[in-house]
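Single-structure report; data block below.
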Amino acid sequence: MPEIDYRVDRSVAVISFANPPVNGLSHAVRADISAALERARNDPSVRAIVLTGSGGLFSGGADIREFGTPASTAEPTLRQLIDQVETSAKPVVAAISGTCLGGGLELALAAHYRVASADAKLGLPEVTLGLLPGAGGTQRLPRLVGVERAILMIVGGEPVPAKDLANPALLDLTVPGDPLAGAVELAASAEVVTKPPVRTRDIPLDEPSLAALCEAARVKLRTERPSLPAPLRAVDAIEAAGKPFDEGLAVERLAFLELMETPESKGLRHAFFAERAAAKVDGITPSTPVRPLDQAAVIGAGTMGAGIAVALLDAGIPVWLVETDQPALERGLARITGIYDGQVKKAKLTASERGRRLALLRPTLSYDVIGQADLAIEAVFESMEVKREVFVALDRVMKPGAILATNTSTLDVDAIAAFTRRPTDLLGLHFFSPANVMRLLEVVRGRATSPEVLATSLRLSKALRKVAVVSGVCDGFIGNRMLEGYTRQAWYLVEEGAAPWQIDQAMETFGFAMGPFRVGDLVGHDVSLAIRQRRRAERPEYLCSTLPDKLCRLGRLGQKTGGGWYDYPEGPRRPVPSGAAEQLITSHRSEIGVAPRQVDDGEIVDRLVYALVNEGARILEQGIAARASDIDVVYLTGYGFPRSRGGPMFHADQVGLGHVLQRVREFGANPHGDQAFWTPAALLQRLAGSGGRFGEAGCGS
């Protein structure tokens, strides 16, 4: 429950509010702060007020638990509370520590003075939800930090350390530790109590280049973020700060209300809540026991193993790095050292911190020395036989209670667990490359995985600063199972007449970070070839184009060999359509007897996105994913799906499942596109028939 503490110190009313975990400004908190301000106003012994958050932070902004509920707009609203602070006849000092974001910063901007700890983070991140600050942030911040800095903070949405914002207008005092004592000292000073408070709204915006700065920002945004309306509307509101304050405030308010109804904001807000919902896992509660994670082992020092090791080292966890021979181990160590050297070169890490992290790394060629690790993560070649050898060895040496994890991207986790005498201790931890950068961690719950092993792995994901999504066991889990159909349809589209670069361009225009052919070149076509070969051996009915196999036979494995679907004459960041790939495509079409046809971009997008959706519906109804939003999180954080569209399942809900079903049936009528694949999922048919949504369907629906 929210709590308010009120005390008087040297004629200063100190109001401290608490609403864990981020001191969100819920209706109850707003009402209690308002009442405390009124109490201070009516107390003749009080000459000034200090407002602060408890628990080492000011406020993370609005209480997300109230989003979309009547409480979010109940009086006093945040705007009313801010007005009460700003118009107080007694000076108000905000004592800022920890995080001060969104509505929390807007509240602090209305105070007459601000004292911050040097390491406090101040920011207005509303643009990440497709919105702009809605309680005066676009009007007050430019008056205190200048237009140029305000544009960077509001349009960028990134928090800024207080030490980088130390100027007399915004922060009257920056202190190395807790700012409360300094705030009380300032509030009690004659300088403060003997002068009438200066309201931020009354500070003139003195910027002769206001229009030019805002237009320059718009030009840049139209190039870099052309599909997102919120950043541009934020610039409009900042420019309106040059008007009388109330006029500017009205511009901000109108923009906020209109942005709330945009599909982009709805998608971004869905993504925000979906990530939080993914943390709620069936059978796991705050009281579920967790195991220690004081040291770990990574088996395999290739690209993935090195990235996993770095992720663990970054979290302060000592790592044994295991390889089978010295040259492979040295290559792995070089990869890890290279990652840290690159961070030092880019000033993202100090040389001393690089040394501290590398000192936690313990390279070895022997399993026998890793037995006391709390966690062992296998990251070897995607072969069941190779993984069997690894887990038999781990089962032999690891201490009782150690967690055994496989980084397999497609293989049967239950079959891997059967290689050991401790299947309850085993699960899948599917990292995404580069493992030290990508946010997604697919946590694959095996048939026998114990709740405490699962709970410990979820705790690990937080320590690694990753978003964990729990998946059941199937070929490819959530992400790669859906990707398989998406990629196969892309190859079929090429056979039918589209060019790889046309498909990539269509998907990137839709909002994907990269199209499927650029992704293939990046990952390496030998990886997908091995998976296709396994699937053909295991499933005689498996259908797939042989075109990518032929590309591999040409030695065109992607960026690693200098060419795949594209050539890379100027380096990996500049793909050029390949004449060799084009010749291969032409000869392949002739070989399979397909006359190329015109394929428009709309068909490309619908066919690939609805391939994801239809398979996602099967995954949901089979209980592989707990909720549709978990599938969305996988694609938003691991596969480059446009965040502003909310993920494939949310996007389908927005388009309308009746339309999606119609298109799925149309694609199923195409004799070339694997008609069985396009059999509509039962869940899709049922929801489309009832006017339902994936967002309303749960696991096993």
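The values are calculated or read from the model by the stated rules, or taken from the named source; none is laboratory data. If you're wondering where the values come from, they're calculated on a predicted model, not measured in any experiment. Cβ coordinates were reconstructed from backbone atoms using ideal geometry, including for glycine residues, and neighbour counts include every protein chain displayed.
Some notes on this structure:
- Condition met for Glu382 (buried (at least 21 other Cβ atoms within 10 Å of the Cβ), closer than 29 Å to Asn480 by Cβ and among the charged types (D, E, K, R)): no
- In the set Gly305, Gly267, Gly316, only one residue is touching a strand residue (DSSP E or B) at 6+ places or on another chain (Cβ under 9 Å) and either over 18 Å from Lys462 (Cβ atoms) or in a loop (DSSP other than H, G, I, E, B) (or both); that residue is Gly305.
- So Leu213, is it in contact (Cβ under 8 Å) with a residue 24 or more places away in the chain and either within 27 Å of Leu141 (Cβ to Cβ) or touching a His at 6+ places or on another chain (Cβ under 6 Å) (or both): yes
- Close pairs from segment 597-620: first in contact (Cβ under 8 Å) with a residue 40 or more places away in the chain, partner of a type in the set (Lys, Arg) and surrounded by fewer than 23 Cβ atoms within 10 Å (Cβ to Cβ), Cβ under 7 Å, at least 6 apart: Asp606/Arg663; Tyr610/Arg663; Glu615/Arg481; Ile619/Arg481
- Residue check for Thr546: surrounded by fewer than 19 Cβ atoms within 10 Å (Cβ to Cβ), more than 30 Å from the chain's Cα centre (by Cα) and polar (S, T, N, Q): yes
- The residues on offer are Gly182, Gly177, and the sole one that is of a type in the set (Gly, Ala, Ser) and assigned to a helix (DSSP H, G or I) is Gly182.
- Filtered residue count, segment 523-557, keeping only those that are more than 20 Å from Glu582 (Cβ to Cβ) and either part of a helix (DSSP H, G or I) or in the same structural domain as Leu411 (by TED's automatic domain parsing) (or both): 14
- Residue list for segment 304-336, filter: over 26 Å from the mean Cα position of the chain (by Cα) and either of a type in the set (Val, Ile, Thr) or outside the structural domain of Leu429 (by TED's automatic domain parsing) (or both): Val322, Thr324
- Once segment 159-183 is narrowed to residues that are surrounded by 13 or more Cβ atoms within 10 Å (Cβ to Cβ) and of a type in the set (Gly, Ala, Ser), the residue that is nearest to the chain's Cα centre (by Cα) is Ala162.
- Test: residue in segment 338-346 that is charged (D, E, K, R), in contact (Cβ under 8 Å) with a residue 40 or more places away in the chain, part of a helix (DSSP H, G or I) and more than 25 Å from Glu382 (Cβ to Cβ): no
- Answer from Val22, Val8 - the residue that is over 20 Å from Ser189 (Cβ atoms), surrounded by fewer than 22 Cβ atoms within 10 Å (Cβ to Cβ) and assigned by TED's automatic domain parsing to the domain that holds Glu158: Val22
- Test for Gly371: is it of a type outside the set (S, T, N, Q), under 30 Å from Ser450 (Cα atoms), assigned by TED's automatic domain parsing to the domain that holds Val437 and buried (at least 21 other Cβ atoms within 10 Å of the Cβ): no
Residues checked against (1) part of a loop (DSSP other than H, G, I, E, B); (2) at pLDDT below 95:
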{"residue": "Asn167", "(1), (2)": "yes, yes"}
{"residue": "Glu191", "(1), (2)": "no, yes"}
{"residue": "Arg201", "(1), (2)": "no, no"}
{"residue": "Leu205", "(1), (2)": "yes, yes"}
{"residue": "Glu215", "(1), (2)": "no, no"}
{"residue": "Arg222", "(1), (2)": "no, yes"}
{"residue": "Arg233", "(1), (2)": "no, no"}
{"residue": "Ala237", "(1), (2)": "no, no"}
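- Where a residue in segment 362-385 is without any contact (Cβ under 8 Å) to a residue 40 or more places away in the chain and its partner, wherever it lies, is basic (Lys, Arg), with Cβ under 6 Å and at least six apart: Gly371/Lys399
- Only one entry of Lys195, Lys163 meets the criterion of being part of a helix (DSSP H, G or I) and more than 16 Å from Ile82 (Cβ to Cβ), and that entry is Lys163.
- Of the residues making up segment 273-293, at least one is touching a Leu at 6+ places or on another chain (Cβ under 9 Å), outside the structural domain of Leu210 (by TED's automatic domain parsing) and closer than 30 Å to Val527 by Cα.
- Hey, Pro229 more than 25 Å from Ala169 (Cα to Cα) and in contact (Cβ under 8 Å) with a residue 12 or more places away in the chain or not: yes
- Being among the aliphatic types (A, V, I, L, M), under 25 Å from Arg532 (Cβ atoms) and assigned to a strand (DSSP E or B) holds for only one residue in Leu404, Leu429, Leu441, Leu411, and it is Leu429.
- Taken over segment 92-116, residues that are surrounded by 24 or more Cβ atoms within 10 Å (Cβ to Cβ) and either in contact with a His (Cβ under 9 Å, 6 or more places away or on another chain) or more than 22 Å from Asp236 (Cα to Cα) (or both) amount to 13.
- Hits in segment 661-701 (condition: farther than 19 Å from Leu620 by Cβ and among the aromatic types (Phe, Trp, Tyr)): Phe667
- Answer residue from segment 129-138, given it is in contact with an Asp or Glu (Cβ under 9 Å, 6 or more places away or on another chain) and on the phi < 0 side of the Ramachandran plot and is surrounded by the most Cβ atoms within 10 Å (Cβ to Cβ) among those: Thr138
- Residue within segment 112-122 that is modelled with pLDDT of 95 or more, assigned to a helix (DSSP H, G or I), over 27 Å from the mean Cα position of the chain (by Cα) and assigned by TED's automatic domain parsing to the domain that holds Ala217 present: no
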